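Let me begin by presenting the structure, written as C-alpha cells, before commenting on it.
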4 protein chains.
Amino acid sequence: MKQVLKLTLEDTKKMMDGAINKAIELGIDMDIAIVDDGGHLMLFTRMDNAKITSINVSIDKAFTAAAARKATLDYGKSVINHGPAFGIQTSHQGRFCVVGGGLPLFVDGQIVGGIGCSSGSSDQDIVVSQAGIDAILSVK
Amino acid sequence: MKQVLKLTLEDTKKMMDGAINKAIELGIDMDIAIVDDGGHLMLFTRMDNAKITSINVSIDKAFTAAAARKATLDYGKSVINHGPAFGIQTSHQGRFCVVGGGLPLFVDGQIVGGIGCSSGSSDQDIVVSQAGIDAILSVK
Amino acid sequence: MKQVLKLTLEDTKKMMDGAINKAIELGIDMDIAIVDDGGHLMLFTRMDNAKITSINVSIDKAFTAAAARKATLDYGKSVINHGPAFGIQTSHQGRFCVVGGGLPLFVDGQIVGGIGCSSGSSDQDIVVSQAGIDAILSVK
Amino acid sequence: MKQVLKLTLEDTKKMMDGAINKAIELGIDMDIAIVDDGGHLMLFTRMDNAKITSINVSIDKAFTAAAARKATLDYGKSVINHGPAFGIQTSHQGRFCVVGGGLPLFVDGQIVGGIGCSSGSSDQDIVVSQAGIDAILSVK
C-alpha cells in the first residue's frame, strides 16, 4: 500500500469560494463542481442564473479533468479537427468532456481532484476553474 | 402565465446548513443534494466519510421527491409488497428512487424543490432531509 | 488535506492470487474483480469457464462493496422481501449489486477497495472474495 | 458446427506480460484490457499511475478491435474528416472506440480476441498493444 493525499470537505469549500468569487467578478453565474481523485463529486454549487445543462457539463468536466489527469481543453485540442484523440469524447456514455473548463488538481505531482465550471464561454469557464485551483494551492 | 416561487442559492444554503448540522448531531457523514422544482441539482455536499454510492442516491432521492412531488418513502410504500406503483422504481434509468430520504419542498402548496440525503439508515436519511426542509421553512 | 492508504498493483495481485487459489480449491471457474476506494477497476481475471454475464456482475459487486462500504449480501438482506433499502438496486444504472459476493476491504478502519466474484452460488462467491481479502490482510 | 480456437487464461497472461513489459520499457503506466472473440473482458490490469478514464477506454478499444475485427485506428481513419464510417463512434452507447490502441488478434485468419491499451499517446498505446499481440503469436 502507499500513502496518498485526499481532499477534505474543508479543502473543497476553499476551492468553491475561490471559484464563486471569480465568477461574481466576471459577472457570470456558473455551475461549479469539485471532485476527488476518482472523479466522484464532492461539492457542487449552481449560482442563481447558471444553466440547467451546465450542471452535468460542469460535473463531467471535473470528472474528466481528475480522472484523465489533464485539462479538458487539452483533450479538446486533440479531438477537434479530427486529431489523434478524436472519438474519446463519446466514451463513458458521453461523460468524457473535451470542452474547456475542467482542470485537474495536482499536489506534489500527484492527482488529488478536479474542478469543472460551465455556463460562460470556454475561456471564462477556465478562468473560474483556475481561481478554484489557485484558492487551494495558495493555502498549502 | 403565472407567478411562481423559485429557490435561490441563498435558500439552498440554509437548507444545506440545516441538514449538515443534523447529520453532525447524529454523528453520520452524509451526501446531501438539493434540487429545484424541475428536479435539477442546485447544491451538493459530500461530508468527509459519506459513501461514494450515496452521491447518486442522494441526488436521485432529491430528484424523485421534487419531480414526483412526494416523499420517496411514500413511493416506496406503494412499491413494496408489489403495491400499485410497483415497477416505477426502474423508470428514468433507475433514477426514480423509492428509498426513504428524499423529501419535496412545498411552499404555499406549490412545489419549489426537494432534498435528498444518503449514507445512514433510511430513517436517519429522512431526519436529516427534514432538518433541511425545516431550516428553510422556519425563515419564511 | 488528509493522508490515506491506496492499494498498489502488487497488493491487488496478492488478493487475486488468494481468490483464484480458493476458486481452484472449490473447483469453480470465476470472474474476479478488484477495485480501488473509488470503486474503479484495478485488476480483473476471467477463469477459463467463468460466465460471460459474471464479468459485469463481479465488477459491479466490487464497485458496490467498495463505494457503499458494505458487503453486497448485507445490502441484499435490506432489499429482499421489500426491506428498507428496496429500490437501491436500480441506482447507478443498475450497477448497485445486492447479490452476495462483493466485499469491502478496510484497513485501519478506512476503506481502501473491494473485491467481487461471480459464477458460483452466492455462498461460493463470498468464500472466494473472502480469500482475496484474507490474502492481503495477512501480509500487512 | 465448426472447430474454432479460443484464448485461454494462460494465453491472455502471456499477452498481458508482453504489454506490461513494453509499457515499463516506455516508462508509462497503462490500463490494459484483453477480450475474447465476443469482445468480452478476459483480463485487465491497471498499472499504478494509469488514468481512471483509461479503464473504460482500454476495455472499449479491446472490445471494438475484437468485435469489429479491425484496429481501432483503422476505424478512426474512416471516421475522421467525415469519412464513410463517420457516426459509428457513437454506437454501442459510445463504446465503439475509434482512437488508436485497440488491436484484433487473428490466428490462422480467424478472430480470437483483442487487446486495448490506454493512458499514453495513441502511438504509445498501439505499441504496447502490439507487444501484447506479439507475445502470444511468438509462442504459437
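The values are calculated or read from the model by the stated rules, or taken from the named source; none is laboratory data. What you see is a predicted model; the values in this text were computed from it and never measured. Cβ sites come from the backbone with ideal geometry, for glycine too, and all protein chains shown count toward neighbours. The accessibility values were calculated without ligands, DNA or RNA, using every heavy atom of the protein model including side chains. Shrake-Rupley method; radii C 1.70, N 1.55, O 1.52, S 1.80 Å.
Determine, yes or no, whether A:Val79 is modelled with pLDDT under 95 and either assigned to a loop (DSSP other than H, G, I, E, B) or β-branched (Val, Ile, Thr) (or both). If you could, list the steps in order and put the result at the bottom.
Numbers: modelled with pLDDT under 95: yes; either assigned to a loop (DSSP other than H, G, I, E, B) or β-branched (Val, Ile, Thr) (or both): yes.
Yes, satisfied.
Per the conditions (1) part of a helix (DSSP H, G or I); (2) in contact with a Gly (Cβ under 7 Å, 6 or more places away or on another chain); (3) more than 19 Å from A:Thr8 (Cα to Cα), the sole criterion not satisfied by B:Val35 is (1). Residues satisfying the criterion are absent from region A:49-70 (criterion: closer than 21 Å to A:Leu7 by Cβ, in a loop (DSSP other than H, G, I, E, B), touching a residue at least 40 places away in the same chain (Cβ under 8 Å) and open to solvent by less than 20 Å² (accessible area, probe 1.4 Å)). Of all the criteria given as (1) over 12 Å from the mean Cα position of the chain (by Cα); (2) free of Cβ contacts under 8 Å to residues at least 40 places away in the same chain; (3) in a loop (DSSP other than H, G, I, E, B), the one not satisfied by C:Asp74 is (3). When region A:15-30 is filtered for residues that are more than 11 Å from every other protein chain (Cβ to nearest Cβ), within 17 Å of the chain's Cα centre (by Cα) and in a helix (DSSP H, G or I), the ones remaining, listed by number, are A:Met15, A:Asp17, A:Gly18, A:Ala19, A:Asn21, A:Lys22, A:Ala23. Conditions: (1) closer than 17 Å to A:Gly120 by Cα; (2) under 14 Å from the mean Cα position of the chain (by Cα); (3) acidic (Asp, Glu). A:Asp36 meets all but one. Number of the miss? Of (1) closer than 17 Å to A:Gly120 by Cα; (2) under 14 Å from the mean Cα position of the chain (by Cα); (3) acidic (Asp, Glu), only one is false for A:Asp36: (1). Among the residues of region C:6-13, are any in contact with an Asp or Glu (Cβ under 7 Å, 6 or more places away or on another chain) and aliphatic (A, V, I, L, M)? Scanning region C:6-13 turns up at least one residue that is in contact with an Asp or Glu (Cβ under 7 Å, 6 or more places away or on another chain) and aliphatic (A, V, I, L, M). Checking each residue in region D:80-118 for being open to solvent by less than 20 Å² (accessible area, probe 1.4 Å), closer than 19 Å to D:Asn56 by Cβ and over 13 Å from the mean Cα position of the chain (by Cα) picks out D:Gln89, D:Gly94.
Considered as a group, the residues in region D:3-14 that are more than 7 Å from every other protein chain (Cβ to nearest Cβ) and open to solvent by less than 30 Å² (accessible area, probe 1.4 Å) include one that is nearest to D:Ser121 (Cα to Cα), and that residue is D:Thr12. Taking region C:50-70 as the range and being more than 15 Å from B:Ser54 (Cα to Cα) and among the aliphatic types (A, V, I, L, M) as the test, the residues that pass are C:Ala50, C:Ile52, C:Ile55, C:Val57, C:Ile59, C:Ala62.
Filter region A:31-44 for residues that are more than 14 Å from chain C (Cβ to nearest Cβ) and open to solvent by less than 10 Å² (accessible area, probe 1.4 Å) and give the result.
Matches in region A:31-44: A:Asp31, A:Ile32, A:Ala33, A:Phe44.
Looking at region B:52-99 only, could you name the residues that are among the aliphatic types (A, V, I, L, M), more than 9 Å from chain C (Cβ to nearest Cβ) and out of contact with any strand residue (DSSP E or B) (no Cβ under 9 Å at 6 or more places or on another chain)? Those that are among the aliphatic types (A, V, I, L, M), more than 9 Å from chain C (Cβ to nearest Cβ) and out of contact with any strand residue (DSSP E or B) (no Cβ under 9 Å at 6 or more places or on another chain): B:Ala85, B:Ile88. If you go through region C:126-136 and keep only what is under 22 Å from C:Tyr75 (Cβ atoms) and either modelled with pLDDT under 95 or in contact with a Leu (Cβ under 9 Å, 6 or more places away or on another chain) (or both), you end up with C:Ile126, C:Val127, C:Val128, C:Ser129, C:Gln130, C:Gly132, C:Ile133.
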